[in-house]
Number of protein chains: 2
Amino acid sequence: MSEEKKWTLKSIALHLGVSNATVSNAFNRPDQLSKDKRQQILKACEELGYFGPNKAAQSLRKGTSNIVALVLPDSVEYMVSDPVASSFMRGVAGIIEERGNNILLFSGTQDNLNNVVDFVDGFICYGRPRNLNLFAHLSSVTKPVVTVDFDLPNRASVNIDNTQAAYDAASSALTQPQAQVAILGLRLLDTNVVCRVYDENLPEDLGTSIAHQRLAGYQRALREKHLTFLPELLWSIPESSEKYATIAAQEALSLTPRPNVLLCMSDLIALAAMRVAKSKGIRVPEELKIVGFDGIQEALLHSPSITTIQQNSVEKGKTAALLFLERSTQKVQLGYKLIQGQSN
Amino acid sequence: MSEEKKWTLKSIALHLGVSNATVSNAFNRPDQLSKDKRQQILKACEELGYFGPNKAAQSLRKGTSNIVALVLPDSVEYMVSDPVASSFMRGVAGIIEERGNNILLFSGTQDNLNNVVDFVDGFICYGRPRNLNLFAHLSSVTKPVVTVDFDLPNRASVNIDNTQAAYDAASSALTQPQAQVAILGLRLLDTNVVCRVYDENLPEDLGTSIAHQRLAGYQRALREKHLTFLPELLWSIPESSEKYATIAAQEALSLTPRPNVLLCMSDLIALAAMRVAKSKGIRVPEELKIVGFDGIQEALLHSPSITTIQQNSVEKGKTAALLFLERSTQKVQLGYKLIQGQSN
DNA sequence: CTGTTAGCGCCTTCAG
DNA sequence: CTGAAGGCGCTAACAG
């Protein structure tokens, strides 16, 4: 540990009196030399403290690194607070780790992939990045990309049918003829504040976002029940957190007449709404029906339990990782399950 | 997007009719050429779709990459499920991201750092790695290392005084003369199962682990109160999860005579114990006092709230990241706070 | 400010 | 199995 010499492939070869090609082959191409010689070389290297060819040099030469970038929709900070995102990450990590690859976390707030693109073998992208420049860059990158919860032309992807799922969720709540529906949307607008969404400020390019897809599902259910939806009852919440969701729920439940159905685009939003309702003495589901989305543990265990769409985020992660490792460009649609709870 | 030529520094220089040193300087050393020329070059590069020098080559040449490996005590999978670990990660990510660095997740189950050591600038190591080979390798690596919740000679570290904190927690619970204490320890033994810990199987090298430190604190408090501790009332739980904690709590609370004080080395363990007690109709704190460790949200909001040691994991993460970025070798001790809850 | 050059550490090919 | 050579893409040093 004291006289640690810094070995390189060349210096090791010299030291062992063999050609550097042979050392290289001992590590990378076992078929190119005899078992004996190979064992002998590897053993000597271990004793000398040479742990194999320098990976950075190898990566430059071969163009692969066994590192995959996990591109998060938002900052890394936010990611680890969100239970759905965490589950997804668990799925990805399980597979990637098992195959001896490593994960580089990449924040979706950055402007482009330049800082890491040359280090990694490709990208798994969870949710459309918040930064639109980054989003654009992802389309043009020459390395493999797997997208999750959104699509990119010619790239592998993993999705669920958000529109149908939202339709199912909404339908289960729209049973009374006098339903007065409010929708607490997740990131319908590209802004950091809680606000109402009026038609005119719904951006065009959101057509592909899960928020927009879910909204379409809700609206289809409403139409089918011949319910009219008031545009002022649509909120955009910037992130799935208690803080912002509470603000929106407060606004919604302070209106007169008060909505009696709350369609929430995430369970965390639904849970926040539940707390607001409780604090206002509004009974769920008698006076107010609430449905969520995601199927997180907390929502299912809550009392009353929340009606929600359960998606298997761990499986989503595993699927994305496998598609990546296979260099597939397949588009996969996973299933979901409507969980009927006590909240409607 | 169609005729994407793959530019290199050299080909760009040729194309622009300048020396490659000048292109390199335009990106890396603004002082080496005039503002005008620089702007002109950068603009041309952007138009051509050259996003700057290849990072892998740069890294090989310069030996730095702006990537830091976050070494986790266990698999990545486990990491993202644990609220304390997640908070720590939030702290690290906030600082690292802000400085334009990136985080590579490294699982503590791997045998050595070889897969990534050549790619990263150094290591932030959260908790002693479960794999002891990896632990050993960390000591001998030539790049900067910051350790958290354990120490390595000549390396920067971030800790709290676990022994004192455990002592404080235990003292607050040991008020009655007839205290019958059971301890639910976290990873006192290097095994994957829940089991009792008898003196003879307490490994020597655990002297430096937080579990051992906390145990020492508990024992000091017991001694001071002249309480005798029965060795069969000490459990080792392999990870801070509901599943394993429940098993241990079940075992402990099924004994006759039943312990009336439960010292738990994490809040998740304490919460599980609380649930077990409830299911058995044991009243807390009247018949059973419980103290936890960590100060996670859920423990504080629980009813009855749990007496615990609050440590600021986000700050821990920030501190570790700053020490790393400063290439410091300082050993930092952070504070903690005893939160008196209703569980004792 | 330019142009050249020598590596960073490795892999692959090719003739022997 | 060896040995030599070219090159992955870049940076730093140096002479001009």
Look at residue A:39 and say whether it is at negative phi, within 11 Å of chain B (Cβ to nearest Cβ), within 12 Å of DNA strand D (Cβ to nearest atom) and not aliphatic (A, V, I, L, M). no
Given the criterion in contact with a strand residue (DSSP E or B) (Cβ under 7 Å, 6 or more places away or on another chain) and not in a helix (DSSP H, G or I), identify the matching residue among B:179, B:211, B:169. B:179
Whether any residue in the range A:148-162 is away from every other protein chain (no Cβ under 13 Å) and within 22 Å of residue A:229 (Cβ to Cβ) is what I want to check. yes
Report, by residue number, each residue of the range A:54-91 that is surrounded by fewer than 19 Cβ atoms within 10 Å (Cβ to Cβ) and more than 9 Å from chain B (Cβ to nearest Cβ). A:61, A:62, A:64
Go through the range A:95-111 and count every residue that is facing chain B (nearest Cβ under 8 Å) and surrounded by fewer than 17 Cβ atoms within 10 Å (Cβ to Cβ). 1
Return yes or no: is residue A:117 open to solvent by less than 20 Å² (accessible area, probe 1.4 Å), in contact with a helix residue (DSSP H, G or I) (Cβ under 9 Å, 6 or more places away or on another chain) and not assigned by TED's automatic domain parsing to the domain that holds residue A:216? no
Of all residues in the range B:296-344, how many are without any contact (Cβ under 8 Å) to a residue 60 or more places away in the chain, in contact with a strand residue (DSSP E or B) (Cβ under 6 Å, 6 or more places away or on another chain) and open to solvent by less than 10 Å² (accessible area, probe 1.4 Å)? 1
When restricted to A:59, A:34, the only residue closer than 19 Å to residue B:114 by Cα, outside the structural domain of residue A:211 (by TED's automatic domain parsing) and within 12 Å of DNA strand D (Cβ to nearest atom) is A:59
Does residue B:144 meet the test of being surrounded by fewer than 21 Cβ atoms within 10 Å (Cβ to Cβ) and either within 13 Å of chain A (Cβ to nearest Cβ) or modelled with pLDDT under 95 (or both)? no
Only residues that are near DNA strand C (Cβ under 10 Å from one of its atoms) and assigned to a helix (DSSP H, G or I): list them for the range A:46-65, please. A:55, A:56, A:57, A:58, A:59, A:60, A:61, A:62
From B:236, B:254, B:240, residue being assigned by TED's automatic domain parsing to the domain that holds residue B:284, touching a helix residue (DSSP H, G or I) at 6+ places or on another chain (Cβ under 9 Å) and either modelled with pLDDT of 95 or more or surrounded by fewer than 17 Cβ atoms within 10 Å (Cβ to Cβ) (or both): B:236
For residue A:75, indicate whether it is within 23 Å of residue B:68 (Cα to Cα) and not assigned by TED's automatic domain parsing to the domain that holds residue A:128. no
Any chance residue B:127 is under 14 Å from the mean Cα position of the chain (by Cα), open to solvent by less than 20 Å² (accessible area, probe 1.4 Å) and away from chain A (no Cβ under 11 Å): yes
Residue A:50 meets each of (1) away from DNA strand D (no atom under 12 Å from the Cβ); (2) open to solvent by 40 Å² or more (accessible area, probe 1.4 Å) with one exception, condition (2)
Of the candidates B:68, B:80, B:76, B:92, the one satisfying the condition of being under 22 Å from residue A:96 (Cα atoms) and modelled with pLDDT of 95 or more is B:68
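The values are calculated or read from the model by the stated rules, or taken from the named source; none is laboratory data. Treat the numbers as computed from the prediction; the structure is a model and nothing was measured. As a convention, Cβ positions derive from the backbone with ideal geometry for all residues, glycine included, and neighbour counts pool all protein chains shown. Calculation scope for accessible area: heavy atoms of the full protein, side chains included, ligands and nucleic acids excluded. Shrake-Rupley method; radii C 1.70, N 1.55, O 1.52, S 1.80 Å.
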